[in-house]
Every structure is written in C-alpha cells, then in structure tokens.
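Below is one structure, written out as structure tokens, with a few remarks after it.
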Amino acid sequence: MTKPTNPPKNSTKPVNPYDVDRTWPAYFQEHRKLTVDQQGTYRCADLPVWTVYCPGGHLGNAIVIEGDDGLIVYDTGTSLEAGRIIAAEIRKVSDKPIRAIFYSHHHADHYNGTAALVEPADVAAGRVDIYAWENFESERNTEFGEIASRQAMGVAYFGGAFLSPDDQHHHGIGTMPAAGTPGFIPPTKLLSGNEPLTLCGVELRPFYTGGEALSEFGIHLPAYDMVLLADEFFTGIPNLHTIRGAKPRVPDNYVTALDRVRELAPEWLLGSHIMPLHGKERIAEAVTKYRDATQYLWDQSIRLINKGYTPVELQHALKDLPEEVIDPPYTVPMYGVPFTSVPEFFTGWVSWFSGDATDMFPSPHDVKARRFVELMGGVEAVLDAAKADHAKGEHQLAAELAQLALRAAPSHEDARLLKAAALRAIGYQQVNPIARSWYLTGALELERAFDPQLALDAVGRIIAAHQSGPDVVAGWRYHLDADKAAGKTLTVGVRFTDSGDARTIRVRHRILVVEDGLADDRDGLVEATSDVIASAETVEGDASAWPALVDLLDLSTTGFHMHMR
C-alpha cells in the first residue's frame, strides 16, 4: 500500500482547503503485512486439511478437509468471485469431489461463494449436503431484514467501498470487496445440538458458540487434534458491537466459545479469518488473552454502568485494552475496538436513555443548534473557533463545532468542508480500520463525493436476489405509508404461481398484516411470481383492490445522509 502525503493528481477526492496530509499509523501497515499480505493456501503440516486464507485478498476463508471419498468445506467466501478462487485452490490440492459444506453462521462472507464450488443441481439431488445451525435462516432473514436500508448505509461506511483508491485499505481480517455476485445455496441439513458426525470417513464434532452471530458454531476434529472456529477469534479483537448496525451481541458467548477451545487444548486452531495456528502452548496463550480481553471489556463496562457511567463516559474510561492482553496480530484493535463496543453494553442492556430527564424528549438537533449558535455569536464565530481548533490539531472539537454550525445553517459550504476535513484528519489517525473507513466516508459524504443511493442500490440487489415472493410481502408492513392508509380497509389474497405459496394481506388501522393462506373475506385475489409482485394480475374479485393496496406502500429506497443532518 502506498503512503502518499498528498493526493495524486488523478485522485477522485475533491479538493478541500482545510484538508490535512494523508497518514497511516505505523501498526496499521504492520498488521497488513501480518495478515492480508500473507494470502494463500496453507496446509496443516502433513494433515489433509488446508486453509484458503484471504482469497484474492478478501476477508472470508475456506477450510478444506480431505476425507476418504470426498472433501468437506467449512465456509465458502464472500462472493461467487471469491468462491472461484477458492475452487481453483482446492483443485491444486485434491481432485476429490466436495461432499459436504458447513456454513459456520449466517453472515454473507461465509456462504456466498458456494455456487462456485458445487452445482446447485448436485445439492438438490443430495450429492452434496450443506449444513448450518437450525436458526441459520431465521437469523439471516433478520440480519438484513426490517432495517435493511439503514444497514445498507452502514455497510457502505463500515467497509469503505466508496473511498478513493488512495484511501482504501485492509480491514484487519482482509480487504472488504466493493462488490460481488452472490453465490448462496440454501442449507439442506440443520444442526440442533453438539452431536458428532462422520462424513467421508472423518469424525466431526460440531459445538454451538453463538458469539458474533447467534447461528454460529465451531467444529472439533479429534483425529487431527484440531478446532475450526469462525468469528469468535480474529486477527483483531472481536466486534462486540458492529457500528454498521446489528442486534446486540452477547460477550459471554464469545467467552464460552473460547473456553471450549481452551478445554479441548488443540494442536491446531483454524478459522474463517485467521491463518492456521499451530502448537498447544501458543494457541492456549493467544486464545486466553483474546478471551480475557473480551471479558475485561464486558465486566468493566458493567462495573462502571453500575456506578452511573453513560455511553460516552464508558468510551473514555475504557478506550484502550490493558497492556497484558495485547497480543498481535490477535488481541489488537484491528477489527473491533473498545470505543465502538462498550457504549452498546449500555444501550443494549440498559437503555438509549442516559437517565437525565433533559434527554428524555430533547429538542430537535436543528432547533437546539440554532439557539446555541445564536448565543455563541453566529455561524461565522462558531466556524472561526472550529478553524482554530482544526489548525491546532483539535480535530474532534473542530468537527463538533462545525456540526453545530452546519445544523444551524445546512447550506453553509464552509461548514461542510471544515467538518469534512476534521473528520478526515481524525480518520487518518485511526488504527482501527472500521473507524477509519467511517470517518473517511463521512468526509466524502460532506464533500458530496459519495452518493448514498449507490450504497442502497448495491445492497438492495444482493438482498433481492435471496428473497422469495412471500418474503417480499412479509416486509411490506414496514413500507405502509400510515398517512395514506388513514381510514382505509383492504383485504387482498396473493397466490404465488412459482412456489405455490399463498398469502392474505390486510390493511386496517394504518397497519398492514400478512397472513398465511387465502382468507374467505378477501376483496380480491391476484396471481404473482416472486420477481413480479406489485404489478400482479387480478384473477378474482375487485380488480381495483390490489392497485389500491400497492398505492399505499412506500417502496422507494432513498439514500440519506449521516453527516449532513
């Protein structure tokens, strides 16, 4: 990765008069050398087990186990493109057919390469089994479900996909692909407990973990004294909370998973985001420090919460890990970072409410900003102070003052550019890749060099590729425009001719309800396919009922801003 001090002439980043020079923290570059730059396929000594590490540089490994009459694969990569790289690497080490695939959990970087490894027809015919935990589909559907648009925006900021080539960087556990073709094939066999399996002559002992994802599990291979683990052990401390947006994660699940590894005391530890780790003593040391760092952040957060600390106070009190658990490239803030995790322990387990009644129903941001700015002498006075702080290197204060000015005067060009420059300066100081991406993407948004609509469109295509017709209409409850639905009552049946499913959709009291089957009291019936729903044809009853219902839906996906509000 290059380290220019000034943007090259062909850089896509707009000129900003307040910008600072691009910098990279020293360990940021060192970590890349220890991780992404080591991409390749690694065999575990003379054992018939390989890790395809960071295929194409992207996060998301595949672990390959050769059995008597076929191969077993644990995770398949981020995309069809990554899957093709994995498939080519597999053929370098074995010509046996893939007989089984395990999805460690429901995050897309663990299952989207499958169609490059096996044919869907072979899966359908039972020649290849795909295993996942029993809650895989329900967790996957809610990961990018109700708040898909907000999460799509979060992914764009989190991953840095819209940064200029000069600002793009690794993410501690690999690079984040800017795009990719989904190659997901649904699982065919679900695991519900820690019962052992024997496949291709290899004994596998799955064990539930539920750390980063509630659908997550590891596998113990006793014949090889080996454990496979997914997202409870990274080259970087875990994302105990992901700022892209997700349900609360349970720290004790990580701890329990890592304690299971310590109990098994394996000679080999393989994972979805690490190179093979060898040696009982080294594994025990690394896993213990990783586990203890996780418990430290959780336990100390709880201790301080019980002393009245609020999210921001937790951030400052627990900004860094104690020195005794630091263990590069594992227990370092290169994936998760304390200051983005510990606030969630308050909001996820206590409340969004700080406890100060002033904050219970606060003034809107713009109203408060206009009053504050007025008392501070006006927008220009606030910006002068922000510029002075920025020049002194007090970039956080500069950003906060510029934000105040921008909320008071949303069209103020200088306030936008100054806030962008301050955020970029903070971003360049970050060793944590996710924080760095968010700051730098926020700066681009303020400079109008990043179109939020692109983020929604990209993720929307991926989500749509996985949704059935019933899935789509089930989500319509969140698209009902309550004002337009005032006083309306409608009941329409939908029969999906491609799947045979049927649903009844009701609108009443400004809500939308979806029921299984076809209700007798329906106003009309339409026939649809999963890819043609809104314009479905009425085959029975009132032909105006379906268009009237669709007209009540707000189906547009409009990009929104995170830093200009």
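Output ³J(HN,Hα) for the stretch 35-50: one whole-Hz value per residue in order, computed from phi by the Karplus curve 6.51 cos²θ - 1.76 cosθ + 1.60 with θ = phi - 60°, and x for Gly and Pro.
10, 4, 5, 9, 3, x, 10, 10, 8, 8, 6, 9, 6, x, 9, 10
Which ³J(HN,Hα) values in Hz, rounded to whole numbers, follow from the phi angles of the stretch 501-517 under the Karplus curve 6.51 cos²θ - 1.76 cosθ + 1.60, where θ = phi - 60° and Gly and Pro get x?
Coupling constants for the stretch 501-517: 6, 9, 9, 10, 10, 10, 10, 7, 6, 6, 10, 10, 10, 10, 10, 5, x Hz.
Round to the nearest 10 and report in Å² the accessible area of Met562, as given by a 1.4 Å probe over the protein chains' heavy atoms.
Roughly 50 Å² of Met562 is accessible to a 1.4 Å probe.
Compute the distance from the alpha-carbon center of the stretch 376-449 to that of the stretch 181-224, in whole Å.
Taking the Cα centre of the stretch 181-224 as reference, the centre of the stretch 376-449 is 46 Å away.
Suppose all protein chains stay in the model; what accessible area per residue would a 1.4 Å probe give for the chain, in Å²?
Values: 24370 Å² over 565 residues.
Each residue of the chain exposes 43 Å² on average to a 1.4 Å probe.
Per residue of the stretch 318-325, what does 6.51 cos²θ - 1.76 cosθ + 1.60 with θ = phi - 60° give for ³J(HN,Hα)? Whole Hz please, x for Gly and Pro, Karplus curve as stated.
Calculated HN-Hα couplings, in order: 10, 5, 10, 6, x, 4, 5, 9 Hz.
Could you please report the charge total around Asp542, scoring K, R as +1 and D, E as -1 over all other residues with beta-carbon less than 10 angstrom from its beta-carbon?
Charge balance in the 10 Å sphere: -1.
Ignoring everything except DSSP H segments at least 4 long, calculate the 222 nm mean residue ellipticity for the chain; use -39,500 (n - 2.57) per segment, divide by total residues, nearest 500. All intermediate terms of the calculation are to be shown ahead of the outcome.
Working: 18 runs with 208 residues, N = 565.
Helices in the chain give a 222 nm mean residue ellipticity of -11500 deg cm²/dmol.
Tally Lys and Arg at +1 and Asp and Glu at -1 over the other residues with C-beta under 11 Å from the C-beta of Phe136: what net charge comes out? Write out the running numbers ahead of the final one.
Numbers: positive: Arg140, Lys189; negative: Glu134, Glu137, Glu139, Glu143, Glu216.
Counting the neighbours of Phe136, the net charge comes to -3.
Please list, ordered by chain and number, the residues whose modelled amide H lies under 5 Å from the amide H of Leu552; skip anything fewer than 5 residues away on the same chain.
Correct list: empty.
Output the pairs from Lys247/Lys319; Lys92/Lys289; Lys96/Lys189 with a Cα-Cα distance over 24 Å in this structure; if there are none, say none.
Lys92/Lys289, as the Cα separations exceed 24 Å there.
Volume per residue, Å³, of the convex hull around the alpha-carbon atoms of the chain? Kindly include the intermediate steps, with their values, before the conclusion.
On the way: hull volume 99.9 nm³, N = 565.
Dividing the Cα hull volume of the chain by its residue count gives 177 Å³.
Please report the carbon-and-sulfur percent of the accessible area for the chain; probe 1.4 Å, protein heavy atoms only, DNA, RNA and ligands left out. Each step should come with its number before you reach the end.
Values: 12530 of 24370 Å².
Solvent-exposed carbon and sulfur of the chain make up 51 percent of the total.
Once the other residues with Cβ under 15 Å from the Cβ of Asn239 are scored (Lys, Arg +1; Asp, Glu -1), what is the net sum?
Numbers: positive: Arg244, Lys247, Arg249, Arg436; negative: Asp109, Glu143, Glu212, Glu216, Asp231, Glu232, Glu344.
Around Asn239, the surrounding residues sum to -3.
The values are calculated or read from the model by the stated rules, or taken from the named source; none is laboratory data. Bear in mind the structure is a predicted one, so any value in this text is a computation, not a measurement. Neighbour counts are summed over all protein chains in view; Cβ atoms, including those assigned to glycine, are modelled from backbone coordinates with ideal geometry. Note: accessible area is taken over every heavy atom of the protein model, side chains too, but ligands, DNA and RNA are not part of it. Shrake-Rupley method; radii C 1.70, N 1.55, O 1.52, S 1.80 Å.
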